[in-house]
Every structure is written in C-alpha cells, then in structure tokens.
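**Student:** Starting off with a structure, shown below.
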Amino acid sequence: MTATLKVFRQRPPAMRSITFTLLLLSGLLTLTSCQDETPIERANREGILLIGNGDEPKGIDPHLVSGVIEGNIIRAIFEGLCVDHPEKNAECLPGVAESWESNEDFTQWTFNLRTNALWSDGVPITAEDFIFSYHRILSPNLGAKYAEMLYYLSNAKEYNQDHKGYIFFKADPKSPLDWQLIKDCNFTGNDKIDISSFKDTAKNDFSSLSSEQKQLYVNHKGLNRISLKQLKTIQDGSIKFDWPTSVTAAEREVIIARLMQHAEAGSPDLWDLAHVGVTAKTPLTLVINLRGPIPFLPEITKHYTWFPVPKHTILKFGTIDTPNTGWTRVGNIVSNGAFVLNSWRFNHHIEALKNPNYWDSSTVKLNGIRYLPVKNAYTEARMFYDSQLHKTYTLPPEMIIHSRKVRPEALRQEPYVGVYFLRLNTTRKPLENQKVRLALSAAIDRRLIIDNLLQGGQTPAHGLVPQTEEYTTPKVIHFDATEAQKLMAEAGFPNGEGFTTDLKILTTPKETSIRMAEALQAMWKQHLGINVRIEQREWGTFLTAQQELDYDIAVGGWIGDFLDPTTFLDMWSKGNGNNNTGWSSTEFEEKLNLAEQNADPSERLEILKEAEAIILNERPILPLYWYTTSYLLHPSVKGWNPLLLDNHPFKFVELESN
Amino acid sequence: MFRLIISRVLQAFAVVFFLFTLTFFAIRAIPGDPLSTDDKSMPEHVKEKIEEYYGLDKPLIVQYGRYVKNVLMGDLGLSTSKPGRTVNEIIVQSLPASLLVGIGGITVAVLLGIPMGVIAALRKNSWIDYSSMAVAMIGICIPTFVLGPLLQLWVASKTDWINVAGWDTAADILLPSLTLGVGSAAYLARLTRGGMLEILSQDYIRTAKAKGVPMLPIIVKHTLRGAMMPAVTFLGPAFAAIISGSFIVETIFQVPGMGQHFVNAVTSKDYALLQGLVIFYGFLMAGANLLVDIALLLLNPRLRDAT
C-alpha cells in the first residue's frame, strides 16, 4: 500500500490525474460495453416504440396547444368520441362514443358513449366530462389558441369571444330586447379607430385621458370589452358613444344597464346564458347542436381540441379557466387514451405506457411509446441508422437521397394534406394586377423544383386544396412559359420591360425556403425577363411583416386539420388572421356561406369547388406543391400505414421482434 | 484576498444588473412578439388574454419594475415558449447536463492541451513541436458542427457501445466532451507552450539546471507553475462559455443542456427565459473569473503582495 503511494508521489501531478482518468474511463467502458443489444433490439423486446418527435412539446394540455408535435403525444394518451382508422382516410372508428347519428340536415348529432370508458384513475367518463371540456376550451379566460375548432357548435364563437351583447339579447330566451333591432350596435369594437398613441394610458389610467381620447377608446373597444367605469361614462352621457340611429334611447339604456349589471356582479361566466350547442340527454348521451349542417362532424371530433379532459382532475389544480396549472405533469395527469403518461424528462424524452384502464386495451399491442425531441434532423437520421429509433420525425432532402441508397426498405414517402404556396401582397403594385399574378404563376416549373430541389416526391399543385378521394380539385395551374409571357405583355410588361426591379421574395432563414426562392428567382428571370430579389428574415419578423402587409411575395405553407376543403379555404376570407394578402372577395365568401348552409354533402363539395375556382382565378396566392411526409420507419414496426393527415392511431401499431 | 472576493462579488452584481437591463430592453426592441411565433395566427381576443396572463399588456416600465422585484426574490418568471414552465425550472433541469458536458470538455482540453504544450515547448523547433502545433491549429480551425457529425460517423456508427446521440448511458458524455474539448485543447496547448518557453528562459531555471536538479522536478515544480498562468486565465471563461454556449453540440448530440435555450429564447422571443439565462450566465462568468483570480493568486506569490 505504502509502496504504491510512493510511486504515485514520484509522478508529476498531471500524470497522476491522467492515470486516474484512464482508470475511470476504462471502468466506464467495461460498464457500458456490457450493452450487447441495440436500443431498437431492447425496445422490440420490451414492446416500446421509439419515435423522433421533432422538438420538446409546448405542453400536452389538449386545449392549450396547436401543434403537430404536441398532437402526436396527445393522440396516444387521450381519446375523443371517434378514433382514426389505421389505414383508411376519412373513416371514423368508435372511440369514447360507441355509436352516433345525426338528424336529417346534419345540424344535430347524438353520440352514445360507451359504458366501459374510464379515466386512467378508474373514474367513468360521462357526457358531463365532454360538456365540461367544451366549456373549458371555449372559456374566454383560458386563452385557448385553437378554440375556433369548436366554433361549429351553435353559439360557441360568441361565448368564446365574450360577445356579451349577443348572449344577453340573442341567446338568452329572457332577453328584454329584440336582437334584430340592436344587432348593429358597436358591441365588438372597431379596430379602425387608432388609439395606439394612448393605448397604455387608457389601460392603466382611463380617467387621465382627454374626453376626446376617452371617446375614441370606448368606440375602439366596443361595448363588450369596456370596463364598468367606462360603461358609466356612456350612461351618464359624459362620453358620446356612436350608436346606430335605429336604436332608440330606451333601448340604449336597457343595453347599458344589462352590461353594467353583469360587470357589477363581477363578470360571472356566461356559459349557461350562452346556450352553447352541447348538452347531455342522459349521462351517456351527448347531444351536439351545430350552427349549420356539418356532415363531416365525426371527422372533426378526431382532432385533439375535441378530446375530453378530466373534470375531477382539472378542478383539483385550479378553476375551469386557469391555464397551465400543472395538471398535465407526471403524477398529476389523468387521461383516457390507450396509453398514460409515465415519465417526462424535459428536453430528453416523454414516455407513455399502456393504460390498463383503457376500454379496448386488448387491442393495444405496444407496451409503451417513447418520444425523443430530436431537433436536428441529420442527427435524427444518424440515430436511426445506428438503431436508436423506430421512426424519424422527418428527413431532410440530402438524407432522402442517402437513405434511398443505404436503407431503401426503411424510406417512406407519403402524401400529406398540406400545401406550399406563395402569398402575394395584392395591395402593392404591380401585384394588384391579376394578369401579373397569373403570369408569375405560369412561369413556375413546379415539377423541376420538386425533382431537383425537394426530392420528396411531392405533387405539383394544380389547385389549392390537396386532392382527396372525396374532393376533386380544379385543374387550373400549370407551367406554360409562352402563356406567362403573353399575360405579362397584356399586363403592360412585354419581355419584362418596365417591370419593377424592386420586387422581393420574403423567406425565413430555412435552407429549403431560400433555395426555393432562388429557384423562383431564376425561373422568373428566364421566362419573364424580370429581376426579383430575395429577402431573408428571422421567423418572428417574417410573420410580422406579413401580418402588417409589409412585403411583396412570401413563402408559406398550410397543413389541414381535418379532411375537408374548408380547412384550406376559410382562411382566405376577409379579416382572417391567416389571409395576409390584402385580397378578399364577396363572391368567394358568399360561396363559403352557401356551402356552410348546405346539408347535401356532394352539393356542398361542389359549391366549395366553385369557391376554390374563384380564388384560383384571382390567384392572390400561388400554390406550388402538395406535401408529402418523408421519414424512416424501422421494418419491425407493423400497422403504420400511409395516412393523409399523418395521425397514426398508436393503439393499432405493433412491434415485431427480429 | 478577502477584500478581492468582496469587491468582485459586488462588481458581479453591478455587471449582471446592467446586463439584464440591457437585455430586457434590447429583446423587446426586436420586431415581433412572444405570442406571434406560430405560423397560424392567434385570434386577437385570445392574444389579449394571454398577454394579460404574462403581464405583457402592462407598460414597459411597469413590466421592468415588476421583473426586477421578482428577480430579487429569486423568481425569474414564466417561459412563454414552454407554457407552464418557470425559467427557474428550465435552468435547474438543464444545468446538470451542461455541467457534465462542460466538465468533460474541460477535462479533454486539459488532458490533451497541457501535455501537448509542455512537450512542444521542451522540444522547441523540433518536428514534435511543429506537428503538435499544427494539430493544435487544426483543432482551433475545425468547427464543432463539422467535428461532431464526423465523430458520429467515424466513432459512434462503428462501435456498439457509443450511441450516435442521446443522453442515456455513461458513454454518451464522450463524444460531446471530445467535440467541445478539442478546440479548447488546441488553445490551451498554444498558451501552455508560450508560457513554458517564457519561464524556461528565466534565470532561476538556468540556476536550477546548473545545480543539477533533475528535469522532471524542474518542469513540474518550477516551470509549469508559472507557465500555467495564461492557461488558467483562459480556462475560467472557457468553462463558463462551454456550459451555456454549446448550442451546436447539444443539438448534434441531443444533450438536454442549457445552450439550446439561449438560442431558442431569442428566436421564440421568450423574454423571461432569455433574461433569466443572461442573469445566470452573468453570474457564472463572474464566478469563473473570480476563481481564476484566486487561482492566479495561489500560483503567483508576487500578485499576492500586490493586493
């Protein structure tokens, strides 16, 4: 012992630490080299699916998130009324609901809940849970980003947007006034009144404003959104409110009094007064009343915004409308899916294990799913090659080419309901000219972009809405250089002469977006003789520029939430936060309205097709291609079939050993 | 020494205060806001509610006052990009991985860099010197985003017990440490070589040699101690930088560390997270520099007299 010590002492300290580290390392290596099976082999033995999920989710509360990454986890641990079919699109399998039927015009649906559906803590699921859930996501104070997915329910929009005027005087059967007479009152506010110079002061110290500013502020906000104090100033006449002439003084007084009464009572929840279209006929019969005919409602209920959340758990951690209470954390969460949350290490993994209380647990083959938030797509592909993952979240173009050579059996490329397009700012010259827009569109060789740049087997878009079995997209977009030149000449720019040299394509710093913009730049130069520039902006400013219409041309994409054309068409109506082109058309909106009121499924789709034709004829956006998903899937995974929405029901997935 | 520590701690508070005030206003000056980072636009009435929840609807100066108050009470606020998580929680959760990778990286740097520098200095102008300095130059020049994937391809794919990426087995620390450490090792080698050469030319070394002291004690006891001073000065801030600035290595190797949050906080305009990380990093840097100063005092008695 002493001899060894002496030897150590004679060595220089640096040497000593080297020896120590080497010993430590060799110890480590012997420990880890015992690992004689790959992570995939081990996972196959244990029945755990290892999947790359792109990033750390923003959360797993079905009511508070809006992304695909979050949806992948939520779909495993929660279940809605209906469930996705493992291989058929637009097909609904029974979930919590055993059966469902609608009335003749699809405005009322009845869902019969199964008796054996339980929460993971053993509590039975009732219609009351669904009512609570829809009440929660629509609560104005919860701040649910995606509440509009439930606007199909009658009065849901008005309740969610806290439209007190509508609720008091239209929805409430005891309304003292006739809604038709007063509906033109400024309840919801007028954004055109500019109050930016004193917005802060008005919020904090309304009384310090000049009376002219007070008046602007109150009219900007609208009756629904002003405080009790501000209502009083209207009542006592110290502020002039812009009432429509048709509304009498007596009616004005009733309106103000009713709003003040509500504010004085501490602004209680208006759910009961609002009569939102969801009720329970019996504890296991859920009745849903819609604002118009929706023949595809079961399809929508597969979206996670329509999933039930456990009333008894949520109320343990806060009120119905407190966001981010921690009820979704491990140890707290109660859910009803085929799997339950087991562990969640931030930025490391999320693991869900088979739920023994699930009503259909005999169908579930997997013992669990482990989600890895791998952000770097190249790392993800290398992890797959190294047998660390069953499935990658995505696959970058270079890796597609590589995988085609080295792992052709694992490469999957499938259609996905999404469209990539260019937004054009139609309020700017020369893009306000429809001919210019059509010329720009005709000069794009979409096939060339797909085959040389994207490599993902995407489909060139011949319309806007991705083609599905039910819906035939109009075939109007095609590459035709001569036609493009002709249109350009008609627009007054023969061979590009006289065309501005200041037009810019706005992109994000994403590699593929930039290369896409470069390809467009080259094509327009070649076929139209015009020069456009490329402007790269960081994500946040890229979005802001579009919202403020401070751009010329911008790249963009849209992914469908469910299989219906409206998910791609509604956004182009006037005032929609996602339009951002400055384009609008009353004719287009009329068609959308007509479709919304039509109870005949095939007629409805015809009308939507006409609406799509209108926007395609105007071309405020230039569709480029329809998406595919490219990913790597390990051959041991069974029951993972191509699905247009890419929402794979995990309860049908299996792992085959060896 | 006590006086030095006290004054440095006070300085650190002043610097960090200035730093986060600057960050507070700078991040808000960038166009865009924390709630508009989804490609789907958020309805106005929802945005108003969420702004209210995070206190973003208040005037800037009120937000700042409230923030300072909360920070003094140890509360760094709520993350907007990861709703439901506090900044404190994110830092606490991601620190261990960062610390381990940081320690690993510095270990690699010291074990490779210092011996290389010493040998190069002892064999000055020989092929050993030239080749080790050439290797060091390469090490400085290769960026981590090249070295990392190369190690994944050359090492991890070829061995069974090293994974390409992940943070599950003990071996998972090796590649990130190596990737991070090589660059610092190269700097360290050059600094050590320079320091060694300077000390070796001193009179007291010549005296020791003349008196017949064996070479090993001369190097270890008399030369290295003085020669380490530039290297130690470099190591402190390098350690702090590795802990919070290893964004690339973290994403390449899927390490759940802190560096990625720094970058993500800026791109997702997560004000509270960025401010919290700046405060944390400020103190870390100040702490590392303080340790360097103390180490230098211990290494160099002349400095001790000066304070």
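The values are calculated or read from the model by the stated rules, or taken from the named source; none is laboratory data. None of these values were measured; they are calculated from a predicted model. Backbone-built Cβ (ideal geometry, glycine too); neighbour counts: all protein chains shown. Ligands, DNA and RNA are excluded from the accessible area calculation, which covers all protein heavy atoms including side chains. Shrake-Rupley method; radii C 1.70, N 1.55, O 1.52, S 1.80 Å.
**Student:** For the peptides A:357-368, A:131-142, what is the packing order when you average, over each peptide's residues, the other Cβ atoms within 10 Å and list the highest mean first?
**Tutor:** Highest mean packing first, the order is A:131-142, A:357-368.
**Student:** Amide H to amide H under 5 Å from A:I444: which residues, 5+ apart in sequence or cross-chain, H placed 1.01 Å off N in plane?
**Tutor:** A:D480
**Student:** Mean separation of Cα pairs under 8 Å and 6+ residues apart, divided by the residue count of chain A: what relative contact order is that in percent?
**Tutor:** So the answer I get is 19 percent.
**Student:** On full extension of the chain, what length is gained from A:T285 through A:D272, given 0.36 nm per residue of separation minus the C-alpha to C-alpha distance? Don't jump to the answer; show the numbers that get you there.
**Tutor:** On the way: separation 13, 0.36 × 13 = 4.68 nm, distance 1.91 nm.
Roughly 2.8 nm would be gained on extension.
**Student:** Can you list the trypsin sites (Lys or Arg not before Pro) in the stretch A:168-242 that are in a DSSP coil and have 14 or fewer other beta carbons within 10 angstrom?
**Tutor:** Sparse-neighbourhood loop trypsin sites (Lys or Arg not before Pro): A:K174, A:K192, A:K240.
**Student:** Regarding chain B, what whole-number volume in Å³ per residue does the convex hull of its Cα atoms give? Could you put the intermediate results ahead of the total?
**Tutor:** Working: hull volume 52.1 nm³, N = 307.
In chain B, the Cα convex hull volume per residue is 170 Å³.
**Student:** Near the amide H of A:Y627, under 5 Å away, which other amide H atoms are found, from residues 5 or more places off or on another chain, if H is placed in the peptide plane?
**Tutor:** Hits under the 5 Å cutoff: A:Y416, A:G418, A:V419, A:Y420.
**Student:** A further question follows. Given the Cα atoms of the protein assembly as shown, and with Rh set as the inverse mean 1/r over their pairs in the Kirkwood sense, what is Rg to Rh to two decimals?
**Tutor:** Radius of gyration relative to Kirkwood radius: 1.02.
**Student:** Roughly how many Å² is the accessible area per residue of the stretch A:163-269, as a whole number, for a 1.4 Å probe? Walk me through the numbers before you get to the answer.
**Tutor:** Values: 5800 Å² over 107 residues.
Result: 54 Å² per residue.
**Student:** May I ask you to evaluate 6.51 cos²θ - 1.76 cosθ + 1.60, the Karplus curve with θ = phi - 60°, for each residue of the stretch A:441-447 and list the ³J(HN,Hα) values in order in whole Hz, giving x for glycine and proline?
**Tutor:** 5, 5, 8, 9, 8, 5, 4
**Student:** Can I ask one more? Per residue, how much accessible area does the stretch B:90-268 show when a 1.4 Å probe rolls over the protein heavy atoms, in square angstrom? Don't skip to the end; give the middle numbers.
**Tutor:** Values: 7700 Å² over 179 residues.
On a per-residue basis, the stretch B:90-268 sits at 43 Å².
**Student:** How about the stretch A:193-262: which chymotrypsin sites (Phe, Trp or Tyr not before Pro) there lie in a loop by DSSP and see at most 14 other Cβ atoms within 10 Å? Walk me through the numbers on the way to the answer.
**Tutor:** Working: sites: A:F198, A:F206, A:Y217, A:F241; in loops: A:F241.
Listed in order of number, the matching sites amount to none.
**Student:** I've got another one for you. Determine the residues within the stretch A:333-347 where the difference in accessible area between the chain on its own and the full set of protein chains amounts to at least 10 Å²; count protein heavy atoms only and use a 1.4 Å probe.
**Tutor:** A:W344, A:R345, A:F346, A:N347
**Student:** Next question. Determine the calculated [θ] at 222 nm for chain B from helices alone, applying -39500 (n - 2.57) to every DSSP H run no shorter than 4 residues and normalising by the residue count; nearest 500 deg cm²/dmol.
**Tutor:** -24000 deg cm²/dmol
**Student:** Another one. Before rounding to the nearest 500, sum -39500 (n - 2.57) across all DSSP H runs of length at least 4 in chain A and divide by the residue total; then give [θ] at 222 nm in deg cm²/dmol.
**Tutor:** -10000 deg cm²/dmol
**Student:** What net charge do the residues around A:S335 carry, taking every other residue with its C-beta under 10 Å from that of A:S335, with Lys and Arg at +1 and Asp and Glu at -1?
**Tutor:** Spelling it out: positives minus negatives among the neighbours equals -2.
**Student:** Also, I was wondering about something else. Pick out, from A:N641, A:P298, A:L453, the residue whose Cα sits farthest towards the positive end of the charge dipole of chain A, with +1 on the Cβ of Lys and Arg and -1 on the Cβ of Asp and Glu.
**Tutor:** The residue sitting most towards the positive pole is A:L453.
**Student:** Given R₀ = 35 Å, FRET efficiency for B:V15-B:I142 by Cβ-Cβ distance, to 0.05?
**Tutor:** Computed FRET efficiency for B:V15 and B:I142: 0.60.
**Student:** Also: Got a sec? Which residues of the stretch A:381-411 lose 10 Å² or more of accessible surface with every protein chain in place, vs. that chain alone, 1.4 Å probe?
**Tutor:** A:R382, A:M383, A:D386, A:Q388
**Student:** In Å², rounded to the nearest 100, what is the total accessible surface buried by chains A and B against each other with a 1.4 Å probe?
**Tutor:** 5100 Å²
**Student:** At q = 0.15, 0.17, 0.22 Å⁻¹, work out log10 I(q)/I(0) for the stretch A:163-269 with the Debye formula, treating every Cα as an identical point scatterer and leaving solvent out; two decimals please.
**Tutor:** For the stretch A:163-269, the Cα-only Debye profile gives -0.61, -0.79, -1.27.
**Student:** In whole Å, what three semi-axes, largest first, describe the equivalent ellipsoid of the stretch A:417-628 built from its Cα gyration tensor (square root of 5 times each eigenvalue)?
**Tutor:** Equivalent ellipsoid of the stretch A:417-628: 27, 19, 18 Å, largest first.
**Student:** On the accessible surface of chain A, probed at 1.4 Å, how many percent belong to carbon and sulfur atoms?
**Tutor:** Roughly 50 percent, rounded to a whole number.
**Student:** Could you look at chain B and say what percent of its accessible area is carbon and sulfur, using a 1.4 Å probe and all protein chains?
**Tutor:** Roughly 69 percent, rounded to a whole number.
**Student:** Pop out a list of residues from the stretch A:48-77 that are at least 40 Å² less accessible with all the protein chains around than in their chain alone; 1.4 Å probe, no ligands or nucleic acids counted.
**Tutor:** Those residues are A:K58.
**Student:** Counting heavy atoms of the protein chains only and a 1.4 Å probe, report the per residue accessible area for the stretch A:417-628 as a whole number of Å².
**Tutor:** The answer is 41 Å² per residue.
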